[in-house]
1. Kindly evaluate A:Ala355 against the criterion of being in contact (Cβ under 8 Å) with a residue 40 or more places away in the chain, within 18 Å of A:Gly327 (Cα to Cα) and more than 14 Å from every other protein chain (Cβ to nearest Cβ).
2. Can you name every residue in the stretch B:20-71 that is touching a Leu at 6+ places or on another chain (Cβ under 8 Å), of a type in the set (S, T, N, Q) and within 15 Å of ligand 1 (Cβ to nearest atom)?
3. Could you tell me how many of the residues in the stretch B:69-79 are assigned to a helix (DSSP H, G or I) and within 10 Å of chain A (Cβ to nearest Cβ)?
4. Considering every residue within the stretch B:126-136, establish whether at least one is modelled with pLDDT under 95 and either within 16 Å of ligand 2 (Cβ to nearest atom) or among the small types (Gly, Ala, Ser) (or both).
5. Would you be able to tell me the number of residues in the stretch B:1-10 that are farther than 10 Å from B:Ile62 by Cβ and either surrounded by 14 or more Cβ atoms within 10 Å (Cβ to Cβ) or at pLDDT 95 or above (or both)?
6. Would you call A:Asp366 exposed (fewer than 14 other Cβ atoms within 10 Å of the Cβ) and assigned to a helix (DSSP H, G or I)?
7. Looking at A:Glu66 and the list (1) within 24 Å of A:Ala263 (Cα to Cα); (2) open to solvent by 40 Å² or more (accessible area, probe 1.4 Å); (3) at pLDDT below 95, which single condition is not satisfied?
8. Could you give me the residue pairs with C-beta distances under 7 Å whose first residue belongs to the stretch A:154-182 and is on the phi > 0 side of the Ramachandran plot, whose second residue is of a type in the set (Gly, Ala, Ser) and crowded, with 23+ Cβ neighbours inside 10 Å wherever it lies, and which are 6+ apart or on separate chains?
Amino acid sequence: MNVAVAKTGSGRAVSDLFASAEGRLPGSPAVVAVRRQAFDTYERLGLPHRRIEEWKYTDLRALVGEVLPLAGSPDTAALSRAMEAVKAHAFAGACKLVLVDGVFAADLSDAKALPSGVSVTTLREVLEKSADLLTTASTDAVISLNAAMATDGVVLSISDGAQPSAPVQIIHVATAPSASAFTRSQVRIGKGARATIIESFVAAGAGAYQVSDAVLLSIGDDADVAYIRLMDDAPDAVNITSQFVTVGANVKLNYFNMTSGGAVSRLQGFITFTGEGSELSLNGVNLLKKTEHGDLTLLVDHAVPNCMSRETFRAVIDDRGHSVFQGRIIVRPDAQKTDGKMMTRALLLSDEAEADNKPELEIFADDVSCGHGATAGALDDNLLFYLKARGLPEKQAQALLIQAFVGEAIEQIADDDLREHVIGIAERWLERRS
Amino acid sequence: MALLEVKDLKVRVEEREILHGLSLTVNEGEVHAIMGPNGSGKSTLSHVIAGKPGYEVTDGQILFKGEDLLEMDPEERAAKGVFLAFQYPVEIPGVATMTFLRTALNAQRKARGESEYSTPDFLKKVREVSKSLNIPQDMLKRGVNVGFSGGEKKRNEVLQMALFEPALCILDEMDSGLDIDALRIAADGVNALRTPKRAMVVITHYQRLLNYIIPDFVHVMSRGRVVKSGDKQLALELEESGYAQFEEAA
Ligand SMILES: Nc1ncnc2c1ncn2[C@@H]1O[C@H](COP(=O)(O)OP(=O)(O)O)[C@@H](O)[C@H]1O
Ligand SMILES: [Mg+2]
C-alpha cells in the first residue's frame with residue numbers, strides 16, 4: 001500500500017493497535033525489541049489476503065477486515081462468567097489451565113494440584129527472562145502479529161517417562177466482546193512420556209471477539225501423545241491458530257481438531273518429523289453453518305525416513321458455510337519409506353455450501369507411499385428415506401447420518417470418555433442446527 | 001372402515017405412468033398377497049404407500065384408517081403404523097443398529113404422544129425378538145445392515161417390524177435372495193406377528209413364500225393394475241400356468 005499510514009477498515013491506524021497495547025505487553029527490554037520487530041513485519045505485510053498462496057481460500061482482509069483492540073483485564077463479573085464457562089466445557093477429571101481474554105487465570109486453574117510429571121509456568125513469566133518463545137522461522141503475518149501482541153500463554157512440560165494421571169486441558173475463555181486476545185503457549189512432552197492434552201476455545205458471554213493463538217509443541221522420542229483441539233467459539237468470533245509441532249523418533253501422535261463455532265476460523269499446523277519410526281494420526285472435523293468459514297491447513301514435513309502420517313478430514317457444511325482443507329505433505333530427499341496419506345470428505349447440506357480442498361504432495365524421495373483422496377456430496381437420499389420410513393423426522397434422520405459421517409474422524413480418538421466428550425460437542429452443534 | 005384403501009391410483013415416474021389406476025382394499029387382520037412379474041409395479045406401489053419421494057401421484061387416493069396417507073410425510077406414516085419391509089434394505093455405515101432401533105422406536109412413540117421406552121425394557125424386547133429371529137447380539141452393534149448377508153438384512157427388517165408393532169406391514173419380496181432355511185426363519189418371524197388386528201401385504205414374484213405365509217387373499221398385478229383377485233388357490237393356479245395369460249389381459 002502506497003500511503004503514509006496504513007489504515008484499517010474502520011479508519012484506525014494499524015500502528016495504533018500495537019501502540020495502545022504496548023504498555024500492557026509483558027517482557028524484558030529484549031522482548032520489547034523482538035515485539036517491535038515482529039509488529040513491523042506485520043505492519044509491512046498486513047492481514048493475509050487471497051493473493052498470498054497459503055491464504056488463497058481464507059482472505060482475512062475480506063473476511064475479518066481489521067484486528068480489534070487488545071482486550072482489557074477481565075473484571076470480577078467477567079471472571080465469574082468465565083468460571084461458569086470453564087465448568088461447562090471442562091473435560092471430567094482433566095487438570096485445567098485457564099486463559100481468560102488472553103491472560104492466565106490462576107484462580108480458575110488447577111495449577112496448584114498438577115498431576116505428577118507435569119509442570120506449568122506462564123508465558124508472562126518466561127518473557128521476563130527470554131524472548132525465545134516469540135521467535136519462529138515463520139514469515140506468516142498472523143504469526144508475526146501474534147509474537148508482537150502475545151499477552152500470556154501456558155508453558156507446559158511433561159517430564160521424561162511421565163504418565164500423568166489426568167489429561168491436561170488448556171481452556172481459552174473469551175469474556176470481552178469486540179476485543180482481541182493473543183496467546184502463545186509451549187507444550188513440551190518428554191521422552192517416553194504418555195500424555196493427553198486438550199485445548200478448548202470457548203466464549204463466556206462475549207461475541208465478535210478475536211483469538212490469535214500459537215502453540216509450540218515438541219514431542220520427545222518414544223512418547224505417546226493425544227492432542228485434542230476443540231474450537232467451539234461464539235458464532236461471530238474469529239479464531240486464527242498456528243501450531244508448530246516437532247515429532248521425535250518412535251513417537252505416536254494422535255492429533256485431532258474440531259471446529260464447531262466461530263464466524264472465521266483457521267488452524268494452521270506445521271508438523272515436522274525429526275526422528276525416524278514415528279506415526280502421526282491427524283484428524284479433523286469442521287462443522288459449519290450460516291456464513292461460517294472454517295479452514296484447516298496442515299503441512300506435514302517428512303524430513304526423516306520411516307515415518308507414517310494419516311490425515312482424515314471431514315467437513316459438514318450447511319447454509320452458506322465455507323470449509324477449506326489444505327493438506328501439504330513434503331517428503332524430503334532422505335525420507336525413504338515415508339508413508340503419507342490424506343483423505344478428505346465434505347458433506348454439503350445446502351446448495352450454497354462450499355468446500356475447497358487443496359492437497360499438495362511434494363515428494364523428493366523415490367521409495368515412498370503417498371496419496372490423497374477427496375469427495376464432496378450431499379446426504380444419500382436413499383438412506384434418508386429409509387430412516388424416515390422408520391419414523392425419524394428429516395432433521396433427526398440427517399443428524400444420525402451426519403454423526404456417522406463425522407464419526408469416521410472422531411473414532412480415531414482412542415480414549416472412550418474423550419471421544420464421548422467430542423461427540424457431545426458435535427451433538428450440540430446438530431441441536432443448534434435444528 | 002378399511003385399514004388401507006387404495007383407489008384408482010395412477011403414478012408416474014419420470015414422466016412415465018407406472019401404475020394405471022390400481023385399487024386395493026385391506027381390512028384389519030387380513031393377509032393379502034400381491035403377485036406379479038418383474039416390472040409390473042409392485043415395488044412402486046409399496047414405495048408410494050411408504051411415501052418415497054420421486055413418484056408423482058396423478059390420480060386416485062390412498063386412505064389409511066380413513067386418513068389421506070398421501071398428505072403425510074414418511075415419518076408420520078410410520079408413526080401411524082405403516083411399515084414397509086424393503087426389497088433392498090440399505091446399508092448405513094456408522095449408525096449402530098441398536099442406536100438406530102432405539103432412535104426410530106422412540107421417534108415413533110414421541111410422534112404418537114407416548115412415553116419413550118425405558119432402556120431396560122427396550123433391551124429386553126430387542127433381545128427376545130432377535131433371539132427368535134436367530135439374530136446374534138453382535139450384529140446389533142454393527143452399522144445398520146453393514147456386512148449383513150441377504151438373509152440377515154431381511155431378518156433385520158422383520159426385527160424392526162416386531163419392535164415397531166405396525167398396524168400394516170408391507171413385505172416387498174421378502175423371499176428374494178433367501179435360501180429355504182433363511183426363508184423359513186423370516187416367515188416364522190412374520191407369522192409370529194400375525195394378530196387379529198394387524199394386516200399384511202405380502203409382495204412376491206413366486207408362490208413359494210405363500211407356503212409359509214398363508215394369505216387370505218391373492219391379487220395378481222400386471223402392468224400397473226390388479227388384473228385378478230382370489231383366495232390362496234389363485235397362487236397355486238399361477239404356479240401352474242404362469243403370468244403369461246395376465247400379461248395379455250392387462
Ligand atoms: N426410479 C425409476 N425410474 C424409472 N423407472 C422406474 C423407476 N422405478 C421403477 N421404474 C419402472 O417402473 C416399472 C415398475 O417397477 P417396479 O415397481 O420396481 O416393479 P416390480 O417391483 O413389480 O418388479 C418398471 O418398468 C421399472 O423399470
Ligand atoms: Mg420389486
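The values are calculated or read from the model by the stated rules, or taken from the named source; none is laboratory data. Fair warning: this is a prediction, and the values are worked out from it, not measured in the lab. Positions of Cβ are generated from backbone atoms using ideal geometry, with glycine treated the same way; all protein chains shown enter the neighbour counts. Ligands, DNA and RNA are excluded from the accessible area calculation, which covers all protein heavy atoms including side chains. Shrake-Rupley method; radii C 1.70, N 1.55, O 1.52, S 1.80 Å.
1. It is true that A:Ala355 is in contact (Cβ under 8 Å) with a residue 40 or more places away in the chain, within 18 Å of A:Gly327 (Cα to Cα) and more than 14 Å from every other protein chain (Cβ to nearest Cβ).
2. Selection gives B:Thr44, B:Ser46.
3. Total meeting the criteria: 6.
4. yes
5. Let us first name the residues in the stretch B:1-10 that are farther than 10 Å from B:Ile62 by Cβ, namely B:1-3, B:8, B:10.
Next cut, either surrounded by 14 or more Cβ atoms within 10 Å (Cβ to Cβ) or at pLDDT 95 or above (or both) only: B:2-3, B:8, B:10.
Matching residues across the stretch B:1-10 total 4.
6. In short, no.
7. The single condition A:Glu66 does not satisfy is (2).
8. From the stretch A:154-182, the pairs are A:Gly161/A:Ala193.
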